[in-house]
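What follows is calculated from the coordinates using simple rules that are stated; it is not laboratory data. Here the structure is a predicted model, which means the values were calculated and not measured. For neighbour counting, all protein chains shown are included, and Cβ atoms are generated from backbone atoms with ideal geometry for every residue, glycine included.
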Amino acid sequence: MSLSLGAGAAGLLGRRAWAQAAGGAPPSKPTGQVVIGLSQEPTVFHPLMIAIEVDQGVWWSLYNPLWGVDPDGNFTPQLASEVPSLENGGISADGLMWRIKLRGDVKWHDGAPFTADDVKFSLELNNNPNFRAGRRTGHELIRDVKVVSPTEITWRMERPYAPYMSILAWTFMVPQHLLANASDPNTTPFNNAPVGTGPFRWGERQSGDHITLLANPNYFGKGPYLERATYKYIPDLTVLFTQFRTGDIDYIGIQGITPDHYNEAKGLADRVVSPIAQAFVESITMNLGRPVFQDRAVREALYYAMDKKSIIDEIYYGLPKPTDSYLPKQSWAYNPNLPVQDYNPDKSKQILDAAGWKPGAGGVREKNGLRLEFTNSTTAGNHVREQAQQLLQQNWRDIGAAMTIKNMPAAVIWGDYFSMSKYDSVMVGEDFLVGPDPDVAYYFDSNNVPAKGGAGNNTMQYANPEVDKLLQEGASTPDQAKRKAIYQQVQTIIRNDLPILPIFQYTTVEGTKAKLKGYRPNINTQTNCWNVNEWYWAT
């Protein structure tokens with residue numbers, strides 16, 4: 001059941017650059033530290049709770065899933081001693097029975113042994129209705145979880161679910177002995193003093209500035225080769241780049257080096273800087289719970305009025321690639337035949353006129369007493385996005401739509417404001433994949449609206465019964481050809497419904513100091529901090 005993203009060529013330029021920079025052997029014991037520069041602040045340290053991509057960099061340092069996924073889309077064992085398959089008896093031919101064999105040499109950071117009881121607890125916690133789980137899709141199909149021994153666990157799936165291998169590659173295990181007796185699973189001391197099995201253990205957090213993690217001397221896997229990993233957050237992207245240039249930061253990721261600094265960055269001495277293709281898609285995501293966005297004509301008109309080419313060429317220096325899908329072009333399920341967005345303000349006005357949106361006070365269109373006005377939010381301090389917002393604000397003003405910019409710190413906007421659909425619209429980059437799998441029920445299934453009690457990331461409150469049905473069908477067959485046809489149909493429907501207005505697929509410019517070795521971009525994870533345990537300084 002192992003699936004491949006077909007991402008061998010993804011980010012090839014970046015991967016070659018760092019491969020050429022690699023050299024030397026890692027130290028025999030942890031030495032030195034790395035300072036990881038981020039533009040957003042990690043705030044969620046329980047890896048099964050609702051969170052955003054920046055939190056995952058810390059998670060990969062503190063925790064482990066049963067297996068991970070490498071840059072080529074291959075599953076690799078972590079807490080499991082082998083990746084289950086039909087061939088090794090880990091998964092039955094019908095996809096319903098799973099048998100997982102675990103390593104016997106893993107300990108939690110506090111010295112307690114990791115066992116199958118922790119796996120059972122972690123999987124069942126995802127299904128606890130009182131827990132703010134980041135994901136229940138897939139986990140809710142598990143039945144009859146049985147601990148066979150400390151190193152073996154079995155379960156039955158209610159129905160075949162092809163994406164579950166990929167979901168488990170992003171599902172980190174948590175300690176039963178520290179969490180099982182919590183009166184409220186959402187507010188335990190663990191949330192601020194996490195204990196994992198990963199290559200680094202919790203050191204200290206200075207809110208608003210940094211997190212320092214310390215090498216785990218008992219780590220079962222490769223490394224760690226560094227004594228400390230410090231995650232430093234600087235919301236102003238210009239200041240973030242300045243600190244990379246001066247050497248205060250060793251690696252710059254997530255939003256990375258802004259395009260306007262790319263040429264300068266390439267010329268920096270003792271740095272490795274390169275564009276990296278990523279699975280993230282930048283879009284305007286609209287809250288369909290807002291009356292103004294419930295009219296499809298409004299969403300279509302806004303898309304026609306988006307000067308996407310100017311955003312990409314003038315603000316992002318031509319680095320990212322325009323897209324009309326939520327899937328990256330490297331995905332085996334990508335639909336290359338979607339209608340290509342055309343910048344056509346006159347068409348926008350015609351659509352709004354035909355839908356009954358007439359110019360009103362101040363030139364803002366109105367319909368049945370409702371004005372075509374809304375706010376748009378993104379991370380404060382991201383000057384490139386702010387320029388794109390300003391361009392769109394003018395684009396849309398020209399057709400009679402009034403957009404007010406309402407930006408806020410990352411920890412605020414990507415908390416309940418985003419996850420509980422308190423926004424009008426946001427400019428956001430999201431990776432809609434699950435590892436290498438194109439199942440997008442987490443984002444587009446109508447049952448996964450957090451504001452309505454769902455455990456997913458359908459914050460736009462999108463609901464289409466046909467999409468719900470297709471997503472269920474796509475997840476229920478192991479036949480990749482059939483799945484591809486289904487997911488391409490889903491892309492066609494969502495391109496027509498426009499709950500999001502896709503702008504481009506990310507090409508992020510990332511950089512490290514030349515002597516920092518082990519860094520490997522991975523399009524199949526939401527952070528390139530996925531293998532910090534392998535990083536080290538060349539001597």
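Compute the helix-to-body angle for 383-397: its Cα long axis versus the longest principal axis of the chain, expressed 0 to 90° and rounded to tens.
30 degrees
Let me check the size of region 278-507 from its C-alpha atoms; what are the radius of gyration and Dmax in Å?
Reported Rg and Dmax, both Å: 17.2, 56.
What label, among (i) 140; (ii) 157; (iii) 171, belongs to volume of the Cα convex hull per residue in Å³ computed from the structure on display?
Given (i) 140; (ii) 157; (iii) 171, the structure-derived one carries the label (i).
Could you work out how much longer the chain between ALA481 and THR238 gets when fully extended? Use 0.36 nm per residue separation minus the Cα distance between them, nm to one decimal. Don't skip to the answer; put the middle values down first.
Details: separation 243, 0.36 × 243 = 87.48 nm, distance 4.51 nm.
This chain segment gains 83.0 nm when fully extended.
Grab the beta carbon distance between ASN74 and ASP313, set R0 = 41 Å, and tell me the FRET efficiency rounded to 0.05. Walk me through the numbers before you get to the answer.
Working: r = 36 Å, r/R0 = 0.88.
E(calc), rounded to 0.05, equals 0.70.
Using only C-alpha positions, report the orientation-averaged shadow area of the convex hull of region 72-118, nm², one decimal. Kindly include the intermediate steps, with their values, before the conclusion.
Numbers: hull surface 18.0 nm².
Spelled out: convex hull of the Cα atoms, projected over all directions, averaged, 4.5 nm².
Can you give me the Cα centroid spacing of region 271-330 and region 377-446 in angstrom?
Between the Cα centres of region 271-330 and region 377-446 lies a distance of 10 Å.
Take the Cα atoms of region 153-240, find their three principal axes, and give me the spread along each one in whole Å, biggest first.
Principal extents (Cα only, largest first): 50, 32, 31 Å.
Okay, which of region 298-321 sit inside 20 Å, backbone N to the point 7 Å along the Cα-Cβ direction of LYS358?
Residues 298 qualify, since their backbone N sits under 20 Å from the label point.
Once the Cα atoms of helix 465-476 and of the chain are each reduced to a long axis, what angle between those two axes, in degrees from 0 to 90 to the nearest 10, is obtained?
Once rounded, the angle reads 30 degrees.
Can you order the peptides 459-466, 135-142, 437-444, 179-186 by their average number of other Cβ atoms within 10 Å per residue, highest first? Please list the in-between numbers first.
Details: 459-466: 18.1, 135-142: 20.6, 437-444: 26.0, 179-186: 12.9.
So the peptides 459-466, 135-142, 437-444, 179-186, ranked by packing, come out 437-444, 135-142, 459-466, 179-186.
Report, as a whole number in µm² per second, the diffusion coefficient that Stokes-Einstein gives for region 103-201 at 37 °C and 0.692 mPa s using the Kirkwood radius over alpha carbon pairs. Before the final figure, lay out each step's value.
Values: Rh = 14.4 Å.
It comes out at roughly 228 µm²/s.
Would you mind getting me the FRET efficiency between ALA402 and ARG159? Use the beta-carbon distance for r and R0 = 56 Å, nearest 0.05. It would help to have the intermediate numbers written out before the result.
Numbers: r = 47 Å, r/R0 = 0.84.
Rounded to the nearest 0.05, the efficiency is 0.75.
Say a paramagnetic label sat at a point 7 Å from the Cα of ILE493, along Cα to Cβ; which residues of region 131-146 have their backbone N under 19 Å from it?
Residues passing the 19 Å test: 137-138.
Over all pairs of distinct alpha carbons, what does the Kirkwood formula give as the hydrodynamic radius of region 41-94, in Å?
Working: mean 1/r = 0.0768 Å⁻¹.
Answer for region 41-94: a Kirkwood hydrodynamic radius of 13.0 Å.
Starting at 0 and stepping by 10 Å, how many percent of the alpha carbon pairs of region 289-339 end up in each bin?
Once binned at 10 Å, the Cα pair distances of region 289-339 give 21, 35, 37, 7.
What percent does the relative contact order of the chain come to when contacts are Cα pairs within less than 8 Å and at least six residues apart? Walk me through the numbers on the way to the answer.
Numbers: 1182 pairs, mean separation 125.6, N = 539.
Relative contact order here is 23 percent.
I want to make sure I understand the PRE zone here: with the label point 7 angstrom from the Cα of HIS177 toward its beta carbon, which residues in region 29-58 have backbone N atoms less than 12 Å away?
No residues fall inside that zone.
Over the Cα atoms of region 348-391, compute the convex hull volume and normalise it per residue, giving Å³. Spell out each step's value before the answer.
Working: hull volume 4.3 nm³, N = 44.
Per-residue hull volume (Cα only) is 97 Å³.
What does the extension gain come out to for LYS29 and SER81, with contour length at 0.36 nm per residue minus their alpha carbon separation? It would help to have the intermediate numbers written out before the result.
Details: separation 52, 0.36 × 52 = 18.72 nm, distance 2.44 nm.
Working it through step by step, the gained length comes to 16.3 nm.
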